[in-house]
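Note sheet for the following structure.
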Amino acid sequence: MDMQAALRARLVADAGVAALVAGRIYWVQAPQDDGLPRITLQIISDGRPQTFHGFQPLRSTKVQVDCRAASYSAASAIAEAVIAELATPETSNGIIFGRPQIDAKRDGDLFERSNAQEIHRTSLDLIIWWSVSA
């Protein structure tokens with residue numbers, strides 16, 4: 001399993017996150033009209049450090065986590081649940097996750113949909129430290 005699938009699986013399996021988004025966690029784009037609340041994940045940068053001997057096994061990947069909900073407080077609660085889950089280093093689906101660095105937390109715009117539903121967003125930029133388990 002790759003890092004992206006393992007990260008999503010970890011969030012889906014967490015009871016605190018699952019209680020808030022009911023499995024609606026997607027990479028890059030959610031299906032149209034999937035509903036709220038939901039999380040979308042996107043890789044912002046994925047450096048691959050190396051030496052003369054080749055690539056290093058430990059990597060840091062910056063992931064943007066967008067938490068969307070019908071209210072600001074709900075979007076913020078989802079973001080806090082994501083932080084709480086990822087704060088503990090863990091091996092999941094063959095990927096060793098270290099403790100992430102929270103690079104930024106910001107509130108997004110208030111969006112309007114055609115059905116007049118308000119969508120609030122809280123975004124996190126997380127630097128995820130990870131490597132493939134041996």
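In summary, strands (runs of 3 or more DSSP E) completely within the stretch 1-96 and bearing 2 or more residues that are buried (at least 18 other Cβ atoms within 10 Å of the Cβ) and modelled with pLDDT of 95 or more occur at 38-46, 59-69.
Per-residue answers, yes or no, for (1) in contact with a Lys or Arg (Cβ under 7 Å, 6 or more places away or on another chain); (2) farther than 21 Å from ILE102 by Cα; (3) free of Cβ contacts under 8 Å to residues at least 60 places away in the same chain:
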| position | (1), (2), (3) |
| --- | --- |
| LEU11 | no, no, no |
| GLY54 | no, yes, yes |
| ARG68 | yes, no, yes |
| TYR72 | no, no, yes |
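For the stretch 55-81, the set of residues classified as among the hydroxyl-bearing types (Ser, Thr, Tyr) and more than 16 Å from ILE127 (Cα to Cα) consists of SER71, TYR72, SER73, SER76, listed by residue number.
The values are calculated or read from the model by the stated rules, or taken from the named source; none is laboratory data. The shown structure was predicted, so the numbers you read here are calculated from the model rather than taken from an experiment. Note that each Cβ is placed from the backbone with ideal geometry, even for glycine, and that neighbours are counted across all protein chains shown.
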